[in-house]
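Enquirer: What follows is a single structure, and I will ask about it in a moment.
The values are calculated or read from the model by the stated rules, or taken from the named source; none is laboratory data. Since this is a predicted model, take the numbers as computed values, not measurements. So basically every Cβ, Gly included, is an ideal-geometry build from the backbone, and we count neighbours across all protein chains shown.
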Ligand code: ADP
């Protein structure tokens, strides 16, 4: 709490009024801490691939380049670490554009059943590569919402990619669309590794991962769900998660229906 005060004196120099200002700076400090933590995270995340690239190229330069097989192997590592850095930077840039509202939104009427079917189709190869069973459940009636199709697709892609990443081969993944009078719902469920209770409230935070090494091995950056949440909220929607460690996870998206006014 920041306390400041001022005394107002009248003509005879007597104090006639004291103004006391009590300012709650906890919110300000919290934001400041978040910013600091974010910068530390970005630096840390970029430093790891930079260190790898540096040491592999140094080893090549100091003679390893004479061996063709080693050279190929090292160059592949350098390439994949560069790709990783590029992905982190691309996702950070996207988050910053969302934060600063510097996004060229293209909202249009979207029919969710057809829209989610098309996304499911694009994912069918990825599902079958890991022998996942996939079910798409949808209502008979069309479900109309207003959405930016590219952004909404990206939001759903992030969740579906996570289902694939965090579900052992041969899992069950489902995508269900439904609606009530006001809202459309998209439920994406898997029967994968699940999320520990204490981590549930944190998975939408930037760079938060339950298991850093596992996420990294799967090509994750820890930014996907924070982008997804941002996109869904910018659609006037909300996202929630339910999970049981070892049994699976369900993400529930709720979006306002596009109704005639
Ligand atoms: P990442 O790039 O690490 O996947 P995300 O922001 O997409 O980052 O997700 C954050 C973390 O939430 C993941 O690292 C993982 O620990 C957890 N997570 C997300 N989706 C699932 C899921 N379907 N099952 C289990 N854990 C999940």
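Enquirer: How many residues are closer than 24 Å to residue 92 by Cβ and touching a strand residue (DSSP E or B) at 6+ places or on another chain (Cβ under 8 Å) when one looks only at the range 23-58?
Expert: Selection size over the range 23-58: 0.
Enquirer: Do the conditions hold for residue 167, that is, is it within 8 Å of the ligand (Cβ to nearest atom), more than 30 Å from residue 261 (Cβ to Cβ) and touching a strand residue (DSSP E or B) at 6+ places or on another chain (Cβ under 9 Å)? It would help to see each step written out before you state the result.
Expert: Numbers: within 8 Å of the ligand (Cβ to nearest atom): yes; more than 30 Å from residue 261 (Cβ to Cβ): yes; touching a strand residue (DSSP E or B) at 6+ places or on another chain (Cβ under 9 Å): yes.
So residue 167 fits the description; yes.
Enquirer: In the range 168-183, is there at least one residue being surrounded by fewer than 20 Cβ atoms within 10 Å (Cβ to Cβ) and assigned to a helix (DSSP H, G or I)?
Expert: No; the residues of the range 168-183 include none that is surrounded by fewer than 20 Cβ atoms within 10 Å (Cβ to Cβ) and assigned to a helix (DSSP H, G or I).
Enquirer: Still on this model: Out of everything in the range 228-239 that is more than 8 Å from the ligand (Cβ to nearest atom) and in a helix (DSSP H, G or I), what residue ends up being surrounded by the most Cβ atoms within 10 Å (Cβ to Cβ)? Step through it out loud before you land on a result.
Expert: Taking the range 228-239 as the starting set, the residues that turn out to be more than 8 Å from the ligand (Cβ to nearest atom) are 229-239.
Next cut, in a helix (DSSP H, G or I) only: 229-234.
Details: 229: 21, 230: 20, 231: 25, 232: 23, 233: 12, 234: 17.
That would be 231.
Enquirer: Here is a further query. Need a quick list: strands (runs of 3 or more DSSP E) entirely within the range 73-159 having at least 2 residues that are more than 16 Å from the ligand (Cβ to nearest atom), in contact (Cβ under 8 Å) with a residue 24 or more places away in the chain and touching a helix residue (DSSP H, G or I) at 6+ places or on another chain (Cβ under 9 Å). Outline the logic, then answer.
Expert: Details: elements: 107-111, 133-137, 144-148.
In the range 73-159, 107-111, 144-148 are the strands (runs of 3 or more DSSP E) which contain 2 or more residues that are more than 16 Å from the ligand (Cβ to nearest atom), in contact (Cβ under 8 Å) with a residue 24 or more places away in the chain and touching a helix residue (DSSP H, G or I) at 6+ places or on another chain (Cβ under 9 Å).
Enquirer: Among the residues in the range 214-235, are any under 26 Å from residue 141 (Cβ atoms) and over 16 Å from the mean Cα position of the chain (by Cα)?
Expert: Scanning the range 214-235, I find no residue that is under 26 Å from residue 141 (Cβ atoms) and over 16 Å from the mean Cα position of the chain (by Cα), so the answer is no.
Enquirer: If the requirement is being surrounded by 10 or more Cβ atoms within 10 Å (Cβ to Cβ), without any contact (Cβ under 8 Å) to a residue 40 or more places away in the chain and not in a helix (DSSP H, G or I), which of these qualifies: 57, 12, 16?
Expert: Values: 57 fails: not in a helix (DSSP H, G or I); 12 fails: surrounded by 10 or more Cβ atoms within 10 Å (Cβ to Cβ).
Exactly one of 57, 12, 16 is surrounded by 10 or more Cβ atoms within 10 Å (Cβ to Cβ), without any contact (Cβ under 8 Å) to a residue 40 or more places away in the chain and not in a helix (DSSP H, G or I), namely 16.
Enquirer: Here is a list of conditions, (1) within 10 Å of the ligand (Cβ to nearest atom); (2) modelled with pLDDT under 95; (3) not in a loop (DSSP other than H, G, I, E, B), and residue 251 meets all of them except one; can you say which number that is?
Expert: For residue 251, the exception is condition (2).
Enquirer: I need the full set of residues from the range 193-227 which are near the ligand (Cβ under 8 Å from one of its atoms), farther than 20 Å from residue 84 by Cβ and assigned to a helix (DSSP H, G or I), in order please.
Expert: 199
Enquirer: Please verify whether residue 224 is modelled with pLDDT of 95 or more, farther than 30 Å from residue 108 by Cβ and touching a helix residue (DSSP H, G or I) at 6+ places or on another chain (Cβ under 8 Å), treating the condition exactly as stated. Spell out the reasoning first.
Expert: Values: modelled with pLDDT of 95 or more: yes; farther than 30 Å from residue 108 by Cβ: no; touching a helix residue (DSSP H, G or I) at 6+ places or on another chain (Cβ under 8 Å): yes.
Against the criterion (modelled with pLDDT of 95 or more, farther than 30 Å from residue 108 by Cβ and touching a helix residue (DSSP H, G or I) at 6+ places or on another chain (Cβ under 8 Å)), residue 224 does not qualify.
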